[in-house]
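Some notes on the structure that comes next.
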Amino acid sequence: MSDQGTARLSASHSLGMAKLYRQHAGWLAGRLRRLGVTAVDDVIQETYLRIAPYQARGEVRHPKSLLLRIATNLVSEEGRRSQQQRRHVSSTTPWTDAATQVEAVLLKQLILQLPQPERDIFMLSRFGGLTNEQIAGRLEVSVKTVERRITRALKQVDAQLRR
């Protein structure tokens with residue numbers, strides 16, 4: 001095919017996409033809003049990017065149906081991706097939550113400088129996800145002792161950070 005033929009096909013495809021957009025973008029935006037989608041413009045843009053190959057091959061027989069299917073799939077994918085990210089973030093260790101590796105190393109050093117009783121209780125409380133009552137039961141100390149040691153640990157970490 002000549003360069004002119006390719007250019008005509010490309011121009012024809014662009015016109016077809018523009019026409020498809022003009023005819024259905026408003027309708028699709030309304031449907032997405034009724035479904036509770038917040039980033040409607042982003043979803044519409046990505047939908048039209050994904051429908052373009054079908055449009056170029058002339059395979060779009062029911063444009064509204066295909067547009068809505070692609071858009072709802074995009075919204076579902078984003079929901080799954082967000083859920084996986086939330087699960088991943090909540091399952092990571094405290095060391096990987098630190099903004100940088102330097103901060104992670106600093107945090108680790110500060111905690112390792114704590115006296116053993118405070119360090120154990122602090123780790124169980126802040127990174128083990130245990131309540132004061134659970135820690136007291138596990139270490140066979142009173143809840144008041146747990147609270148006192150956590151307070152001391154926090155004060156020591158704070159004092160080290162202020163230096």
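In table form, for the structure just shown:
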| read-out | value |
| --- | --- |
| Heavy atoms of Arg148 accessible to a 1.4 Å probe, total area in Å² rounded to 10 | 130 |
| Cross-link reach list, lysines versus Lys108, counting only Cα pairs under 20 Å and skipping chain neighbours closer than eight places | Lys155 |
| Heavy-atom accessible area ranking, 1.4 Å probe, most first, across Tyr48, Tyr21 | Tyr21, Tyr48 |
| Protein-only accessible surface order, largest first, of Leu20, Leu130, Leu49 at 1.4 Å | Leu49, Leu130, Leu20 |
| Sequence of Met123, Met17 from largest to smallest accessible area, 1.4 Å probe | Met123, Met17 |
| With all protein chains modelled, accessible area of Arg119 [1.4 Å, Å²] | 50 |
| Lysines with Cα under 22 Å of Lys64, excluding same-chain neighbours fewer than 8 positions away | Lys19 |
| Rounded FRET efficiency, nearest 0.05, which uses the C-beta distance separating Leu139 from Ala104 and R0 of 22 Å | 0.25 |
| Accessible carbon and sulfur surface of the stretch 19-87 relative to its total accessible area, %, 1.4 Å | 46 |
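The values are calculated or read from the model by the stated rules, or taken from the named source; none is laboratory data. Just so it is clear, the model here is predicted, and its values are computed rather than measured. Counting neighbours? That spans all protein chains shown, and the Cβs are built from the backbone with ideal geometry, glycine included. To get the accessible areas, we keep the full protein, side chains included, count just its heavy atoms, and leave off ligands, DNA and RNA. Shrake-Rupley method; radii C 1.70, N 1.55, O 1.52, S 1.80 Å.
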